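One structure is given below, encoded as C-alpha cells.
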Amino acid sequence: MNRPLAMLAVAVVSWVGLSAREQGQTREFTITGRDHRYSPARLEVNKDDLVKITFTAADMPHSFNSEHYRIAKRAGAGQTVTFEFRADQAGSFEFYCNLKQDERCRDMKGTLVVR
Ligand SMILES: [Cu+2]
C-alpha cells in the first residue's frame, strides 16, 4: 500500500472507532412493576448509551416516569410498554410511578445511573 492510502485507511478506522464510542452501546432492560416495586429498581448505563426498556405492570397498572429524561409511560395490569431513549446526561436520576389508584405507588421508585 502506498503511503497516502495507508494514512487514509488509518484515518477512516479511527473515525469509525470514535463515532461508535460517541454513540454509546444499546442497553436493554426488562423491568417488572409488582407490589409497588420496580424490579430491577436500579439501572446503570454509560453516557450516550441507547437505553431500551420493556416495562410490564404485572399486578395492577403502573407507570414509569422520569422528569429529567421526559419519560411518561403507563402500562395497564398485565400489559407491557416498550420505549427507548438516549442517556445523554450523566448523573443519578429517579424514576417513579405516578398513578393514584393505590397510595403505595407513591413509594414506587427506582434509580437510573448514567456514568
Ligand atoms: Cu404504580
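For residues that are under 27 Å from Arg104 (Cα atoms) and touching a helix residue (DSSP H, G or I) at 6+ places or on another chain (Cβ under 7 Å), tally how many sit in the range 21-61.
1
Here is a yes/no grid of residues against (1) surrounded by fewer than 11 Cβ atoms within 10 Å (Cβ to Cβ); (2) at pLDDT 95 or above; (3) within 18 Å of Val114 (Cα to Cα):
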residue	(1), (2), (3)
Gly17	yes, no, no
Pro40	no, yes, yes
Asp49	no, yes, yes
Ala57	no, yes, no
His62	no, yes, no
Asn65	no, yes, yes
Ala75	no, yes, no
Thr80	no, yes, no
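List the residue pairs whose Cβ atoms are under 6 Å apart, where the first residue sits in the range 62-89 and is within 11 Å of the ligand (Cβ to nearest atom), the second is assigned to a strand (DSSP E or B) and open to solvent by 60 Å² or more (accessible area, probe 1.4 Å), and the two are 6 or more positions apart or on different chains.
Ser63/Arg74; Phe64/Lys73; Asn65/Ala72
Could you list, in sequence order, all residues of the range 91-115 that are more than 9 Å from the ligand (Cβ to nearest atom), surrounded by 13 or more Cβ atoms within 10 Å (Cβ to Cβ) and not charged (D, E, K, R)?
Matches in the range 91-115: Phe93, Phe95, Gly110, Thr111, Leu112, Val113, Val114.
The values are calculated or read from the model by the stated rules, or taken from the named source; none is laboratory data. For clarity, every value in this text was computed on a predicted model and none was experimentally measured. Counting neighbours? That spans all protein chains shown, and the Cβs are built from the backbone with ideal geometry, glycine included. These area figures cover heavy atoms from the full protein model, side chains too; ligands, DNA and RNA do not enter into them. Shrake-Rupley method; radii C 1.70, N 1.55, O 1.52, S 1.80 Å.
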